[in-house]
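Participant: This is the structure, below, for whatever I ask next.
The values are calculated or read from the model by the stated rules, or taken from the named source; none is laboratory data. Just so we're clear, the structure is a prediction, and the values are computed from it rather than from any experiment. With ideal geometry, Cβ positions are generated from the backbone for all residues, glycine too; neighbour counts draw on all protein chains shown. For the accessible areas, the whole protein counts, side chains as well, though only heavy atoms, and no ligand, DNA or RNA atoms are used. Shrake-Rupley method; radii C 1.70, N 1.55, O 1.52, S 1.80 Å.
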Amino acid sequence: MDFFEALADRIEAVDSVVSVGLDPDPSRLPDAVADADLPRWAFNRRIIDATHEHAACYKPNAAFYEDPDGWRALRETAAYAEGKGVPVLLDAKRGDIGNTARRYAEVLDHVDAITVNPYLGRDSLQPFLDRADKGVFALCRTSNPGGADLQDLELASSEPLYERVAALADVWNANDNVGLVVGATTPEELETVREIVPEIPFLVPGVGAQGGDPEAAVEHGLAERPDLPVDVGLVNSSRGIIFAGEESSRPGDEATYFGAAGDAAKRLKKRLNRHR
């Protein structure tokens with residue numbers, strides 16, 4: 001079973017397209033995990049326990065794990081999520097050439113999918129694309145304001161660069177394992193990219209703390225593929241879910257703190273499902 005087949009089964013099983021971003025910023029971890037051997041893993045385990053019934057996927061961002069204890073925490077997190085039946089998409093934005101790209105792609109031995117940077121061209125992505133059972137999400141039109149600096153540049157063909165990236169993703173999709181990252185903060189571009197690639201699933205960040213458009217995220221982020229039982233795609237929220245406990249009535253109480261994350265994931269699932 002390839003990544004998108006497994007993701008479709010997960011979406012159908014939990015009736016959710018919510019991706020929970022596991023970004024355990026050490027400066028924001030609660031006291032309940034501060035004394036653990038691996039605080040980031042302890043935090044993630046509790047978040048997974050609280051949210052897995054509403055999660056189609058977990059998306060750890062590599063930036064929060066790039067030290068020895070962090071990589072240990074990430075391995076434990078991925079294994080625990082797998083045990084709950086939830087796929088893991090590593091947000092690493094990798095992209096390089098030759099031996100470096102092949103080494104980067106080895107991380108797919110431990111996770112189900114990865115985000116990649118397409119701006120070095122196809123050869124930089126080929127080691128990822130060749131892993132037919134794994135998902136490969138290429139950056140296309142990102143949710144940050146500065147994304148327009150390059151992604152909106154007009155080419156000689158009169159198309160913006162992000163549209164060319166979308167068209168190339170269709171060419172690179174020989175193994176049906178390619179997705180695109182398109183932010184919910186740019187709903188018009190989200191619609192445009194969907195028109196270019198009707199069957200490629202999107203990872204849509206920016207719903208939650210960044211204030212992206214949830215209706216557009218669902219309407220244009222999910223792809224209808226004839227080989228899959230449900231429309232497939234992911235809408236991500238990170239801080240808005242995992243740190244929801246900071247705003248709870250008793251943030252110092254462990255059950256209340258992590259219960260707030262579960263409640264936030266459930267609310268986002270219901271909010272998104274209204275548009276599915």
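Participant: If packing is taken as the mean number of other Cβ atoms within 10 Å per residue, what is the order of 40-49, 146-155, highest first?
Facilitator: Details: 40-49: 22.4, 146-155: 12.9.
So the order, starting with the most tightly packed, is 40-49, 146-155.
Participant: Could you grab the relative contact order for the stretch 117-242? Cα pairs under 8 Å, six or more apart, rounded to a whole percent.
Facilitator: Working: 222 pairs, mean separation 26.7, N = 126.
Worked out over the stretch 117-242, it gives 21 percent.
Participant: I need the phi-derived Karplus couplings for the stretch 58-66: 6.51 cos²θ - 1.76 cosθ + 1.60, θ = phi - 60°, integer Hz, Gly and Pro marked x.
Facilitator: For the stretch 58-66, the Karplus curve yields 10, 10, x, 9, 4, 4, 8, 10, 8 Hz.
Participant: Could you check which residue among Thr77, Thr192, Thr51 shows the biggest mean-square fluctuation in a GNM of the chain with a 10 Å Cα cutoff?
Facilitator: Thr192
Participant: If you don't mind, there's one more thing I want to ask. Assuming a strict under-22 Å limit between Cα atoms, what lysine pair count do you get for the chain once near-sequence pairs (fewer than 8 apart, same chain) are dropped?
Facilitator: Qualifying lysine pairs in the chain: 11.
Participant: Report ³J(HN,Hα) in whole Hz for each residue of the stretch 38-53, in order, from the Karplus equation J = 6.51 cos²θ - 1.76 cosθ + 1.60 where θ = phi - 60°; Gly and Pro get x.
Facilitator: Whole-Hz 3J(HN,Hα) from phi for the stretch 38-53: 10, x, 5, 5, 4, 5, 4, 4, 5, 5, 5, 4, 7, 10, 4, 5.
Participant: Can you tell which of Asn99, Asn177, Asn117 shows the greatest fluctuation in a Gaussian network model of the chain with Cα springs below 10 Å?
Facilitator: Looking only at Asn99, Asn177, Asn117, the largest GNM fluctuation is found for Asn99.
Participant: With a Cα-only, solvent-free Debye model of the stretch 147-276, what are the log10 I(q)/I(0) values at q = 0.18 Å⁻¹?
Facilitator: -0.96
Participant: OK, next. Express in Å², to the nearest 10, the accessible area of Lys269 obtained by rolling a 1.4 Å probe over the protein heavy atoms while all chains stay in place.
Facilitator: Its heavy atoms expose roughly 30 Å² to the probe.
Participant: In terms of modelled amide H atoms, which long-range or inter-chain residues lie less than 5 Å from the amide H of Ala92?
Facilitator: Counting only residues 5 or more places away or on other chains, the set is Ala62, Thr115.
Participant: Would you mind getting the accessible area per residue of the stretch 137-276, heavy atoms of the protein chains only, 1.4 Å probe, in Å²? Walk me through the intermediate numbers first.
Facilitator: Values: 6230 Å² over 140 residues.
The answer is 44 Å² per residue.
Participant: Tell me, what is the FRET efficiency for Leu120 and Ala13 to the nearest 0.05, using R0 = 45 angstrom and their Cβ-Cβ distance as r?
Facilitator: Between Leu120 and Ala13 the formula returns 0.75.
Participant: Next question. Find the centroid of the Cα atoms in the stretch 11-26 and in the stretch 50-128, then give the distance between the two in whole Å.
Facilitator: So the two Cα centres are separated by 14 Å.
Participant: Still on this structure, please answer the following. Report, to the nearest whole %, how much of the accessible area of the stretch 149-276 belongs to carbon and sulfur atoms, 1.4 Å probe, protein only. Before the final figure, lay out the partial values.
Facilitator: Values: 2610 of 5870 Å².
Solvent-exposed carbon and sulfur of the stretch 149-276 make up 44 percent of the total.
Participant: Simple spin-label model, 7 Å along Cα-to-Cβ: Glu188 to Ala148 in nm?
Facilitator: With each label placed 7 Å out from Cα toward Cβ, I get 0.9 nm.
Participant: I would also like to ask the following. For the chain, with a Gaussian network of springs between Cα atoms less than 10 Å apart, report the residue from Pro87, Pro226, Pro30 with the top mean-square fluctuation.
Facilitator: Of Pro87, Pro226, Pro30, the Gaussian network model singles out Pro226 as fluctuating most.
Participant: What nm value, rounded to one decimal, do you get for the distance between Ser158 and Asp253 when each label is placed 7 Å out toward the C-beta?
Facilitator: The modelled label-to-label distance comes out at 6.3 nm.
Participant: Here's something else I'd like to know. Given labels modelled 7 Å from the Cα in the Cβ direction, how far is it in nm from Arg103 to Ser27?
Facilitator: Inter-label distance under the simple model: 3.0 nm.
Participant: Through the Karplus equation 6.51 cos²θ - 1.76 cosθ + 1.60, θ set to phi - 60°, convert the phi angles of the stretch 169-181 into ³J(HN,Hα) values in whole Hz; use x for Gly and Pro.
Facilitator: 4, 5, 5, 6, 8, 4, 9, 6, 10, 9, x, 10, 9
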